[in-house]
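Visitor: The structure follows.
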Amino acid sequence: MYMKNSRYTLLWGFFLFFWIASFLVRTALLVWSFSKAGLTFGDVAGVYLKGFLFDTATAVFFSLPYALYLLLLPQKLLQTALNRWVTAIGFFLIILIILFSFFAEFPFWEEYESRFNFIAVDYLVYTYEVVNNINQSYPLPVLIIGMLLLSACVMVLFHKFQLFQQTFQSHTSVMKRLVLTGVLVVAGVLFLMFLSNSFAETHTNRYKNELSKAGIFSFFAAFKNNELDYDTFYRTENETKIFHIVRKELSEPDVEFTSGANSIRRIVHSTDSLLQKPNVILVVIESLSADFMGYFGNTKKITPSIDSLAYNSLIFTDLYSTGTRTVRGMEALTLCIPPTPGNSIVRRPNNRRLFNIGTVFQEKGYQSVFIYGGDGYFDNMNAFFGNNGFDIIDRGRKMSVGDKFTGTRTTIPDSEVRFENAWGICDEDLYRAAIHDADKKHRLGHPFFQFVMTTSNHRPYTYPDGKIDIPSGSGRDGAVKYTDYALGQFIRQIQQKPWFENTVIMVVADHCASSAGKNEINVSKYHIPCLIYNLKGDYPKTIGKQCSQMDVFPTLFALLGWSYESNFFGRNVLSDNFSPRTFVGTYQQLGYLQNDSLLILSPQQRAEMYLVNAEKTELTTIDMDNSLLDKAISYYQAACRLFKSGGMKE
């Protein structure tokens, strides 16, 4: 491509710059995670070879507009001031965008140990929260100035090597321009048709896969594939077979199926003569990994309040989140379903009037409310809950077309806010809003269900000063300890309320603080706490069965002695017929874990079987268990089929 005094000289210089910069970013990320990655020399060589291909593809895509411009620009305009300014400004902006994206890869890697994925795509939609989060976590003005200066330095370097001058002073024939631009166009088309991130996702070591990718390429790949059709990308079975298997899994002596064979709708009859109708407060805590708790062996003493609750509650000791995002946890808790590939149903179209836990509470005469300390516009939360039987209490600032919903919305006023950061008000303020709502409903004589979503245990990890002995903004441990402190204050406050005696409090994490590890699915990074406090009966107790977020509410309903209609995949864990299993997934990989056997379904109709070690951190490939394969396919395919066909509607 390069010829001295060619109008493509600058373009060749851009390729060289992009290759070098990408090489440095990949090397820095490799060094950062090398001690955990377990890569051999051959693995590292493969990372750089595949990485070079992805980098080249990205550089081609960036260069195509300028290559077409060079093809069409008449020779007489090449040396004009207009062309010089257009080229200089365009080049500076492209360099600035690339440098910003390279910088952004480092905090993203710190949080997820991944190249850009669908999470980064989602964040692009919610600029208010994300920009403020970045501004509160990093010195954003300094970074912007630094990026501008660094981009200027690159421009100076290109001028020093006279790449601009050689481009402007060249005399490249039309035929050569056609050939050179044609090569880039053909390369771009071939990359678009045949190169995808799946080319990098062929190894069992997740670090090797992620380091092989290019961040910008991965971003646009995620944008393109933010929702995956199960039937197109995954292994399938005959529809009659999958529903037969799922219905058999869900069958119990007290269960009566009420619809056709390709449905799971049923009546769950209670065998408990004691019917209870307490108020229910579900506290979903942001990013609370089980291993933060002293109850599960942590020695930092950052969760004294939650530990105390755990020792006085019904606690699930082997429960797993279905995913790695808040909306995935919301999906599992409200819809009681395994994770479907791509986006959570919370963020998808056609998610109105789905059969959910609010449906059951409403049938029992409850008023349900979703309480969030940030703006529920984020991640489509208000639209999802508002269109599925919940009223909304949030720190709303804006509405959009997608925010239209049938429930009422109440905004937490400034007068009730003591502290606020990018993601919303602090947990103490959030709990105060929940108490106000509970007081109001109690005065009116309405039983209530509250879904309370916290935000304090989230970067930038800031909270009110003087509450705990760790300074605000100093890191995750402080955020966890403040989250614990606020929950403890909440429990002590509601214990003084007249409605407390008849109120059950549930505490569960939405997901773990990090899901990253050497394996594509790191099972230990899905283990979350879940406890039910203030139940009537002989407590505390522990539930040691391996189970899922989607089983939490079916278990609660059984504990309360409720008979109810169900369209849930979740089950009562306390049933004698319950078979331990759980569901763990990313936006592409769908995991079915039964005891220590993990089956993973992936795009391209792949299915792989692994043995999970005792610490749930390492996977060893084993022979396929066809029985587990059938169960995994049946659960996931049935969930996708019911949502797509409308079978999840009320």
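Visitor: Restricting to the range 594-650, name every residue that is aliphatic (A, V, I, L, M), farther than 20 Å from LYS545 by Cα and surrounded by 21 or more Cβ atoms within 10 Å (Cβ to Cβ).
Guide: Of all residues in the range 594-650, those aliphatic (A, V, I, L, M) come to 598-601, 607, 609, 611-612, 614, 619, 622, 624, 628-629, 632-633, 638-639, 642, 648.
Narrowing the set further to residues that are farther than 20 Å from LYS545 by Cα leaves 600-601, 607, 609, 619, 622, 624, 629, 633, 638-639, 642, 648.
Once the filter is applied, which keeps residues that are aliphatic (A, V, I, L, M), farther than 20 Å from LYS545 by Cα and surrounded by 21 or more Cβ atoms within 10 Å (Cβ to Cβ), the range 594-650 yields ILE600, LEU601, LEU619, ILE633, ALA638, ALA639, LEU642, MET648.
Visitor: For a quick check of your reading of the model, give me the residue pairs whose first member lies in the range 426-446 and is closer than 14 Å to THR503 by Cα, whose second is in a helix (DSSP H, G or I), with beta-carbon atoms closer than 7 Å and at least 6 apart or on different chains.
Guide: Taking only residues 6 or more apart or on different chains, the pairs are ILE435/GLN493; ILE435/ILE494.
Visitor: Hey, among ASN572, ASN595, ASN567, which residue is among the polar types (S, T, N, Q) and either at positive phi or at pLDDT below 95 (or both)?
Guide: On the way: ASN572 fails: either at positive phi or at pLDDT below 95 (or both); ASN567 fails: either at positive phi or at pLDDT below 95 (or both).
Only one candidate qualifies: ASN595.
Visitor: Looking at SER321, SER305, SER289, SER313, which one is at pLDDT 95 or above and closer than 28 Å to ALA638 by Cβ? So that I can check it myself, show each step before the final result.
Guide: Details: SER305 fails: closer than 28 Å to ALA638 by Cβ; SER289 fails: closer than 28 Å to ALA638 by Cβ; SER313 fails: closer than 28 Å to ALA638 by Cβ.
Every option except SER321 fails the conditions.
Visitor: Could I ask something else about it? Hey, does the range 122-145 have a residue that's part of a helix (DSSP H, G or I), at pLDDT 90 or above and of a type outside the set (Asp, Glu)?
Guide: Taking the range 122-145 first, the residues part of a helix (DSSP H, G or I) are 122-125, 127-137, 140-145.
In the following step, the residues that additionally are at pLDDT 90 or above were identified as 145.
Those still in the list that are of a type outside the set (Asp, Glu) too: 145.
Yes, that holds for at least one residue.
Visitor: With surrounded by 15 or more Cβ atoms within 10 Å (Cβ to Cβ) and in the same structural domain as THR620 (by TED's automatic domain parsing) as the only criterion, which of GLU252, GLU256, GLU201, GLU239 stands out?
Guide: Details: GLU256 fails: surrounded by 15 or more Cβ atoms within 10 Å (Cβ to Cβ); GLU201 fails: in the same structural domain as THR620 (by TED's automatic domain parsing); GLU239 fails: surrounded by 15 or more Cβ atoms within 10 Å (Cβ to Cβ).
From the options GLU252, GLU256, GLU201, GLU239, the qualifying one is GLU252.
Visitor: Please verify whether GLU105 is assigned to a helix (DSSP H, G or I), modelled with pLDDT under 90 and charged (D, E, K, R), treating the condition exactly as stated.
Guide: Values: assigned to a helix (DSSP H, G or I): yes; modelled with pLDDT under 90: no; charged (D, E, K, R): yes.
No.
Visitor: I would also like to ask the following. Go through the range 27-75 and count every residue that is more than 21 Å from ALA187 (Cβ to Cβ) and part of a helix (DSSP H, G or I).
Guide: Within the range 27-75, residues that are more than 21 Å from ALA187 (Cβ to Cβ) and part of a helix (DSSP H, G or I) number 19.
Visitor: Does SER289 fit the bill of being in contact (Cβ under 8 Å) with a residue 24 or more places away in the chain, of a type in the set (S, T, N, Q), surrounded by 18 or more Cβ atoms within 10 Å (Cβ to Cβ) and assigned by TED's automatic domain parsing to the domain that holds ALA433?
Guide: Yes: the conditions hold for SER289.
Visitor: Let me ask another. Before we move on, is PHE583 within 18 Å of GLY329 (Cβ to Cβ), buried (at least 17 other Cβ atoms within 10 Å of the Cβ), in contact with a Cys (Cβ under 6 Å, 6 or more places away or on another chain) and in the same structural domain as ARG247 (by TED's automatic domain parsing)? If you could, list the steps in order and put the result at the bottom.
Guide: Numbers: within 18 Å of GLY329 (Cβ to Cβ): yes; buried (at least 17 other Cβ atoms within 10 Å of the Cβ): yes; in contact with a Cys (Cβ under 6 Å, 6 or more places away or on another chain): no; in the same structural domain as ARG247 (by TED's automatic domain parsing): yes.
Here the answer is no, as PHE583 does not meet what is asked.
Visitor: Moving on. For PHE419, state whether it is in contact with a Leu (Cβ under 9 Å, 6 or more places away or on another chain) and either outside the structural domain of TYR138 (by TED's automatic domain parsing) or free of Cβ contacts under 8 Å to residues at least 60 places away in the same chain (or both). If you could, list the steps in order and put the result at the bottom.
Guide: On the way: in contact with a Leu (Cβ under 9 Å, 6 or more places away or on another chain): no; either outside the structural domain of TYR138 (by TED's automatic domain parsing) or free of Cβ contacts under 8 Å to residues at least 60 places away in the same chain (or both): yes.
Judged against the criteria, PHE419 is not a match.
Visitor: Still on this structure, please answer the following. Got a number for residues in the range 469-527 being over 28 Å from MET550 (Cβ atoms) and among the polar types (S, T, N, Q)?
Guide: 6
The values are calculated or read from the model by the stated rules, or taken from the named source; none is laboratory data. On a predicted model such as this, the values are computed, not experimentally measured, just so you know. Neighbour counts are summed over all protein chains in view; Cβ atoms, including those assigned to glycine, are modelled from backbone coordinates with ideal geometry.
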